[in-house]
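Following: one structure in structure tokens, then a few remarks.
The values are calculated or read from the model by the stated rules, or taken from the named source; none is laboratory data. It should be emphasised that the depicted structure is a prediction, and the values quoted were computed from it without experimental measurement. Note that each Cβ is placed from the backbone with ideal geometry, even for glycine, and that neighbours are counted across all protein chains shown. With ligands, DNA and RNA removed, areas are computed over all heavy atoms of the protein, side chains included. Shrake-Rupley method; radii C 1.70, N 1.55, O 1.52, S 1.80 Å.
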Amino acid sequence: MILLDGKKIAQDIRTELKTEIDKLKAQGKNVPGLVAILVGNNSASEIYVNSKTKDCNEIGMKTVTEKREANISENQLIDLIESYNNNKDYHGILIQLPLPKQINADKVIEAISPKKDIDGFHPVNVGNLVIGKEAFRSCTPAGIQELLIRYKIETKGKHVIVLGRSNIVGKPIANIMLQKKEHANSVVTICHSAAPDISYYTKQADILIAAIGSPQFVKAHMVKDGVVIIDVGINRIEDKTTKKGYRVVGDVDFDEVSKKASYITPVPGGVGLMTRAMLLKNTFEAYRNYGI
Ligand code: NAP
């Protein structure tokens, strides 16, 4: 079994981007910029945005966090987004979700210029992905494909089973792996909570991508020998032996399933870190495509 080391690959990506940004600086050019918009006082969101700031600083990418009170109106938020749509120094716009109730998240996402939509949530990018055109791909699915590429895992003709059909993980990764392109071209099946017998599907997986938010749901008897496991789940379970009283596990029972798998992502240390790295990569891409 080979561990798909998201920590190492994410570090490699940051190092590669830093090299590119150092070159731009040496040439006296503008560098890529990322704005994160954070509304309200959600501590998980704040931690997430802080880690993005740290990543940007590490690679020399320009970054700013626009913090707004929870009572901001939808129009005020859209005005803020539009000001960054027209700002030449910031090439990627990130809206940290969830947003407060009075704000329609769909409307806010649609206000982001598709050219700066580094999260890949804008309907234009989603649509372009589905029809096989160039598009920003949301960071978690993009990170999954990047892991498969860097570990040289064959995907053409392989049966990829995706557990979960969310707009941020399940559907986009299914669409990515379905593309008639290099590093994809898989046969894809998507499962969700209405599937009567999940094992029937999971046993067929050459590559199993689990994104359901159910701790250690996938067990060894549900997969075949040699399966490639991508565990997207991030779940807290009680663990009195730890200081915090809990630990983080994925949607796959790592101890059991790793014995049968050819490759597997750990949780933590797998897909989550790739998600962060792909946000930087998408911002760099936005700069390359539209910013110079
Ligand atoms: P979500 O929006 O809650 O969607 C969960 C999906 O799983 C739904 O489609 C649901 O089916 C399906 N599902 C739930 N229980 C199931 C079961 N027993 N059998 C089959 N399908 C089942 O979740 P999400 O946002 O995609 O996130 C999924 C997990 O990934 C969470 O643990 C989340 O924390 C984690 N995550 C990690 C990252 C990362 O960077 N590593 C990024 C995003 C999310 P229905 O559609 O029928 O309800």
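Spatially, the stretch 160-207 and the stretch 18-34 are offset by 38 Å when compared through their Cα centroids. With both labels modelled 7 Å from their Cα along Cα-to-Cβ, the K18 to E182 distance reads 2.8 nm. Taking the three principal axes of the alpha carbon atoms in the stretch 162-269, the coordinate ranges are 48, 30, 29 Å, sorted in descending order. Based on every Cα atom in the stretch 225-292, Rg and the maximum pairwise Cα distance Dmax equal 16.6, 52 Å. With the helix formula -39500 (n - 2.57) applied to DSSP H stretches of n ≥ 4, the chain reaches a computed 222 nm mean residue ellipticity of -11500 deg cm²/dmol.
Each Cα pair under 8 Å and six or more residues apart adds its separation to the average, and for the stretch 130-244 the resulting relative contact order is 24 percent. Calculated on the Cα set of the stretch 80-119, radius of gyration then Dmax: 10.2, 31 Å.
Checking the cross-link pairs K52/K156; K23/K116; K115/K171; K152/K260 against a 28 Å limit on the alpha carbon distance flags K52/K156 as lying beyond it.
Computed over the chain, the P(r) curve from all C-alpha pair distances, binned at 10 Å from the origin, holds 6, 27, 34, 24, 9, 1 percent per bin. Of H183, H221, the order by accessible heavy-atom surface (1.4 Å probe, DNA, RNA and ligands excluded), from most exposed downward, is H221, H183.
In a simple Cβ point-charge model (Lys, Arg +1; Asp, Glu -1; nothing else charged), the chain has a dipole of about 440 debye relative to its Cα centre.
Net length available on complete extension from L97 to V64 is 10.2 nm, with 0.36 nm assigned per residue and the Cα-Cα distance removed. Our note on the geometry: Cα centres of the stretch 276-292 and the stretch 74-145, 13 Å apart. Across the protein chains, with a 1.4 Å probe defining accessible surface, the residues K62, K181, K88 rank K88, K181, K62 from largest area downward.
In this simple spin-label approximation, S262 and I149 carry label points 7 Å from Cα along the Cα→Cβ vector, and these lie 2.0 nm apart. Each residue of the stretch 231-248 was assigned a 3J(HN,Hα) from its phi angle through the Karplus expression (A = 6.51, B = -1.76, C = 1.60, θ = phi - 60°), giving 9, 8, x, 10, 10, 8, 10, 4, 8, 6, 7, 9, 4, 6, x, 8, 9, 9 Hz with x at Gly and Pro.
Each residue, A44 and R247, gets one label point 7 Å from its Cα in the Cβ direction; the gap between the two is 2.1 nm. Candidate cross-link partners of K18 among the aspartates and glutamates, defined by an alpha-carbon separation under 16 Å and a same-chain spacing of 8 or more, comprise D55, E58, E285. Going by alpha carbons, how many degrees (0 to 90, nearest 10) lie between the helix axis of 139-150 and the longest principal axis of the chain? Approximately 60 degrees, to the nearest ten. Note on T53/K219: beta-carbon distance plugged into 1/(1 + (r/R0)^6) with R0 of 41 Å gives a FRET efficiency of 0.60.
Taking Cα centre as origin and charging only the Cβ of basic (Lys, Arg, +1) and acidic (Asp, Glu, -1) residues, the dipole magnitude of the stretch 1-130 rounds to 340 debye.
For a modelled paramagnetic label at A26, 7 Å from Cα along Cα-to-Cβ, no residue of the stretch 274-292 is in reach, as no backbone nitrogen comes under 17 Å.
Restricting the calculation to Cα atoms, every distinct pair contributes to the Kirkwood radius of the stretch 22-62, found to be 11.6 Å.
The simple Förster model, with R0 at 41 Å and r as the Cβ-Cβ distance, assigns A194 and E74 a FRET efficiency of 0.75.
Shown for the chain: the carbon plus sulfur share of the solvent-accessible area, taken with all protein chains present and a 1.4 angstrom probe, equals 51%.
Annotation: aspartates and glutamates with alpha-carbon distance below 12 angstrom to K181 (same-chain offsets under eight excluded): E134. For the chain, what relative contact order do you get, as a whole percent, if you take Cα pairs closer than 8 Å and at least 6 residues apart? This gives 21 percent for the chain.
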